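A quick write-up on the structure given underneath.
The values are calculated or read from the model by the stated rules, or taken from the named source; none is laboratory data. On a predicted model such as this, the values are computed, not experimentally measured, just so you know. Ideal geometry is used to build each Cβ from the backbone, glycine not excepted, and the neighbour counts take in all protein chains shown.
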């Protein structure tokens, strides 16, 4: 009997240890330094704006002019956003969204042509991070469409993400690699080098616009600090 009790105790200790060393879950949590801890939202600081690039094209927006508001979201498809009691704001959840205002100082280079600030606009849009369980890497998706307008020459749409299957994190403008994550105290540092962003040439573009109907962009070299949220 004593041996059975001892074995039971050992089994219990093993179970406790197994839980304690299990990989971190794929969620984010708001903490005391968040702007609105209870509702799971706050601001992020853009350290480096990075650049959108395609073959023969580059778009940049000054980091100082970009504002970012983050919010933690409950589970749900990326296309079902703040609807049907899904993808709602929460203090702790599986998705981290960024509402990005790119500012007014964006510039572009296309096929040797240069467009200065005031000639390039990037609309406010929302992006989403999905973290893989036990990983320090997240994928990126587009929640709401982004529009890039280059003078009177080109209008590009980066359409909202569409999953092939519910919960798959794969499809058009979802599951894009990669965003490296690193917690720093109560904050999170994110490094973005994402490939495969689909952009579409929109109606209203000039016949002289050098872009094709569809283009695949990269967002590379962007770095930001999420104030008051960490991956857990």
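I'd like to verify a number: residues in segment 114-138 that are in contact (Cβ under 8 Å) with a residue 40 or more places away in the chain, assigned to a strand (DSSP E or B) and either surrounded by fewer than 15 Cβ atoms within 10 Å (Cβ to Cβ) or out of contact with any strand residue (DSSP E or B) (no Cβ under 8 Å at 6 or more places or on another chain) (or both), how many? Adding up the residues that qualify gives 1.
Just one residue in the set 221, 141 is in contact (Cβ under 8 Å) with a residue 60 or more places away in the chain, surrounded by 19 or more Cβ atoms within 10 Å (Cβ to Cβ) and not in a loop (DSSP other than H, G, I, E, B); that residue is 141. Assessment of segment 168-176 against the conditions (surrounded by 15 or more Cβ atoms within 10 Å (Cβ to Cβ), in contact (Cβ under 8 Å) with a residue 60 or more places away in the chain and assigned to a loop (DSSP other than H, G, I, E, B)) yields no matching residue.
If only residues of segment 196-218 that are surrounded by fewer than 13 Cβ atoms within 10 Å (Cβ to Cβ) and in a strand (DSSP E or B) are counted, the one that is modelled with the highest pLDDT is 216. Check segment 106-117 and report whether any residue there is over 12 Å from the mean Cα position of the chain (by Cα) and within 27 Å of residue 30 (Cα to Cα). Among the residues of segment 106-117, not one is over 12 Å from the mean Cα position of the chain (by Cα) and within 27 Å of residue 30 (Cα to Cα), which makes the answer no.
Would you confirm whether any residue within segment 24-36 is farther than 30 Å from residue 214 by Cα, surrounded by 10 or more Cβ atoms within 10 Å (Cβ to Cβ) and at pLDDT below 50? The answer is yes, given that some residue of segment 24-36 is farther than 30 Å from residue 214 by Cα, surrounded by 10 or more Cβ atoms within 10 Å (Cβ to Cβ) and at pLDDT below 50.
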